[in-house]
Amino acid sequence: MSAQSPFSSVIHQLHPDTASSIKEVREQFHQRCGYYLNRNLHVKTVDGNTYEGIVTAIDSGHLFLSVPAQTADLQSRAYFPPHAPYPGYPPYPPANPGRVILPLVLYELLVVSLL
């Protein structure tokens, strides 16, 4: 009796052309959005969510947007920058009080515009 791996049957496989298109879009967004670090942007996602905030960083797959902490639908998606001091160092104030960092996946962005 042979043991089967739980990963032996493929449920879904992305078509190579589609994968190539997604990579191309992701690279285009990365190049374009890199010019707008520390700028205010309006972002609309493929799912219809809209956000306004400041671009704090961008990597190969994500746009990191600093948004007000009161923005709806953030508890499960945003992360709060740490404010606790390192041991042996005095406490420091938060870098952006009242704001959180929202990571957005580049290929899910539909519209990005300057404010």
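What the table shows:
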| item | result |
| --- | --- |
| Charged-residue dipole, Cβ positions (Lys, Arg, Asp, Glu), the range 9-74 about Cα centre, Debye nearest 20 | 160 debye |
| Distance in nm between pseudo-label sites at A57 and H42 (7 Å out along the Cβ direction from Cα) | 2.8 nm |
| Residues N49 and I11, FRET efficiency given R0 of 25 Å [Cβ-Cβ distance, rounded to 0.05] | 0.40 |
| Mean Cβ count within 10 Å, highest first, over the residues of peptides 49-60, 20-31 | 49-60, 20-31 |
| HN-Hα J in Hz across the range 31-36 - Karplus 6.51, -1.76, 1.60, θ = phi - 60°, x for Gly and Pro | 5, 5, 6, x, 6, 10 |
| 5 angstrom amide H check on A69, placed H, neighbours 5+ away | R99, V100 |
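Throughout, read-outs are computed from the coordinates displayed, never taken from laboratory work. Here the structure is a predicted model, which is why all the values come from computation and not from measurement. Cβ coordinates were reconstructed from backbone atoms using ideal geometry, including for glycine residues, and neighbour counts include every protein chain displayed.
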